[in-house]
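The values are calculated or read from the model by the stated rules, or taken from the named source; none is laboratory data. For clarity, every value in this text was computed on a predicted model and none was experimentally measured. Methodologically, a virtual Cβ is constructed for each residue, glycine included, from the backbone with ideal geometry; neighbour enumeration extends over all protein chains shown. To get the accessible areas, we keep the full protein, side chains included, count just its heavy atoms, and leave off ligands, DNA and RNA. Shrake-Rupley method; radii C 1.70, N 1.55, O 1.52, S 1.80 Å.
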Amino acid sequence: MTTRPERERILAAADWNLFRIPARDILIDLLTDSGTGAMSSEQWAGIMRGDESYAGAESWYRFRDRVRELTGFEHIIPTHQGRAAERILFSCLDVADKVVVSNTHFDTTRANVEYLGGRALDIPVPEALKPDEEHPFKGDIDLDALGRILSDDASDVACVIHTITNNSGGGQPASMANIRAASELCRSHDVPFYLDACRFAGNSYFIKLREERYAERTVESIARETFSLADGATFSAKKDGLANIGGFLGSNDDRLARREQELLILTEGFPTYGGLAGRDLEAIAIGLREVVEEDYLRYRLASVAYLGEGLMEAGYPIVRPPGGHAVYIDAGSFLPAIGPQELPGQTLACELYVEGGIRSVEIGTLMFGGTDPSTGEERTATLELLRLAIPRRTYTKSQIDYVLDVATAVAERRESLKGLRIVEEPAHLRHFTARLEPL
Ligand code: F0G
C-alpha cells in the first residue's frame, strides 16, 4: 500500500512513465499478462526436474516434443522470449526494403521489422476500428486488402504474420475461416504465412465458442488445426506458455531453419536450449498442456469479461466484446478533450495509478506514434487505448473489484483530467523509456 501523496511523488519521479515505477510501489499490476502469471505445482515440479546439460538435455526433448505435437512444425527453435524469435525470423526472411503484413503488429514485432529496414503494414478488418461495435472476430485480417496487396506485387511481401489474438487491436480473436483464407491467399502467391501465436489457446477457445463448426471440438484439436494452416510461427511462452520466460520459432522450411539456427547460436544459444535454462523448457512444456484445458480457459475468459463489464457499468467505453487477456478502454472517446498527441491513454493510466496504485499500459500514440521511419512524418495511433491486462492465475475477484472501485472514482472526475507531453524519447519502442510531463 502507498498513500496518494506518495504515489504522486513516485509518478513524478518516474516522469509519468509507469514502466519506470518500481513494482513494490504498485498495488495491482495490470501492465501486462506477459510472464507475470503464477505457475502451477506441476510446473514447479518440472523446474526441479530441469536437465541443465548444455547439449541435448532431456528438458529440451520434452519441450520440443510438446511443441511439435501441438504445432506440427518440424523445426523448433527455442528462444528466450517472443521478440528473439521475431528478430531471428525477420533477419532470415530478409525483410529489408520489403513489407510485412499483419492484422496488427504488436509493438516489438513492428519495431523488429522496422529496425531491419522493412515496412510493417497493418490491415485489420474494418470492424476492428469500431471499439463499441460487437463482432465475434475483430482480430480477423482484411482479406480484400490482403488479396490486393498480394496481387499487386507479392514479391514485395516478405511474409504475412497473423497475430492471434490481436493484442494491439483489443485482444480480439481471429476466426479459423479467416486464418484459413489468409493462408490460402499466401500459398497461392508463394508468400510465407506465419502466426504470432502468443495467445493461441485463448484464440482457439474463442473459435470453439463463436465459430459454429468448432463447438464440439477440443481446444487442443482447434489449436493444431490453426497451426497446420501456417508455414511457421513465433511464440512467446510468457503468455499462453504459462511460463515466466521463453519462446520459440517454428517452421517447416529446411533452408530457412538452417539460417535461423546459425543466428540462434550466435545470439541466443545452442539449438537445444536457445536462450533458456533446462528448467524453463520444462515449465513451458507443461504449461503448453495446461493452457488448453477448458476449465482453465473458461475461468480465464470469465475473469476478463468480469472486469470489462464492470468498467462499462462505471461508464467506460471499452473495445467490445472484452478480449482474451485484457480489457481495452477506449481512452480517446473517454477523454475527448485530450487529443492523440496529448496522450489520453497515458493520462488515464497515470490517473488510475494515483487514485489506487493500479498499473496499466497505454496502447496508443505513446506506443505507436513518433516519427514514421519510412515517411519521416509524425504519426498517431489509429485508436487511443488503455489496456488492463490480467496476469494468468494470479488475482482474485476481490482484487478486481478494487480495480473497479478505483476506476469508478477516476470516472467521476474525468472532466478535470489534463493531457501529457513527451520531453525525452528513444528512437525505437519509445513507450518503455520515454520521459513525460503533465500539460
Ligand atoms: N507478439 C505479441 C502479440 C505480443 O503480445 C508480444 C508481447 C510479443 C509478440 C513479444 O513477446 O514479450 O516475449 O518478447 N507482448 C507483451 C504484452 C509484452 O505486454 O502484451 P515477448
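Between region 365-392 and region 61-105, what is the C-alpha centre distance in whole Å?
Centre-to-centre (Cα) distance: 24 Å.
Using a Cα-Cα cut-off of under 20 Å, which lysines could be cross-linked to K208, ignoring same-chain neighbours fewer than 8 residues away?
The reachable lysines, counting only those whose Cα sits under 20 Å from K208, are K138, K239.
If you wrap a convex hull around the Cα atoms of region 41-290, how much volume per residue is inside, in Å³? All intermediate terms of the calculation are to be shown ahead of the outcome.
Numbers: hull volume 28.3 nm³, N = 250.
Spread over its residues, the Cα hull of region 41-290 gives 113 Å³ apiece.
Translational diffusion coefficient, Stokes-Einstein: compute it for the chain using the Kirkwood radius over C-alpha pairs as Rh, at 10 °C and 1.306 mPa s, and state it as an integer in µm² s⁻¹.
My calculation gives 72 µm²/s for D.
Stokes-Einstein diffusion coefficient for region 322-426 at 10 °C in a medium of 1.306 mPa s, Rh from the Kirkwood formula over Cα pairs: what value in µm²/s?
Stokes-Einstein gives a translational diffusion coefficient of 109 µm²/s.
I179: net charge of surrounding residues, Cβ under 11 Å, Lys/Arg +1, Asp/Glu -1, itself excluded?
Around I179, the surrounding residues sum to -3.
Please report the carbon-and-sulfur percent of the accessible area for the chain; probe 1.4 Å, protein heavy atoms only, DNA, RNA and ligands left out.
The nonpolar share, carbon plus sulfur, comes to 49 percent.
With both bridge residues required to lie in the chain, what share of the DSSP beta bridges run antiparallel, to the nearest 5%? Before the final figure, lay out the partial values.
Details: 27 of 44 bridges.
Within the chain, antiparallel bridges account for around 60 percent of the total.
I'd like the Karplus ³J(HN,Hα) series for region 346-363: coefficients 6.51, -1.76, 1.60, θ = phi - 60°, whole numbers in Hz, and an x wherever there's a Gly or Pro.
Karplus values, whole Hz, x for Gly and Pro: 5, 4, 5, 4, 5, 5, 5, 5, 4, 5, x, x, 9, 10, 9, 9, 6, 10.
Between beta-carbons, use under 9 Å as the cut-off and find the net charge around T109, counting Lys and Arg +1, Asp and Glu -1.
-1
Under 10 Å from the Cβ of D122, count the other residues' Cβ atoms, weight Lys and Arg +1, Asp and Glu -1, and hand me the total.
Around D122, the charge tally is 0.
Given a Förster radius of 30 Å and the C-beta distance between F432 and L143 as r, what FRET efficiency does 1/(1 + (r/R0)^6) yield to the nearest 0.05?
Working from the Cβ atoms, E equals 0.35.
Determine, from the Cβ-Cβ distance of D15 and S398 and an R0 of 35 Å, the FRET efficiency 1/(1 + (r/R0)^6), rounded to the nearest 0.05.
0.60
Give the accessible surface of the chain per residue, rounded to a whole number of Å², with probe radius 1.4 Å and ligands, DNA and RNA excluded.
Here the residues of the chain average 39 Å² of exposed surface.
Relative contact order of the chain: what whole-number percent is it, with Cα pairs under 8 angstrom and at least 6 residues apart?
Relative contact order, the chain: 23 percent.
On a full-extension model of 0.36 nm per residue, what is the gain between E212 and L439, subtracting their alpha-carbon distance, rounded to one decimal in nm?
So the extension gain works out to 76.7 nm.
Sort M48, M367, M312, M1 from largest to smallest accessible area, using a 1.4 Å probe on the heavy atoms of the protein chains. Don't skip to the end; give the middle numbers.
Working: M48 155, M367 20, M312 65, M1 175 Å².
I get M1, M48, M312, M367, largest accessible area first.
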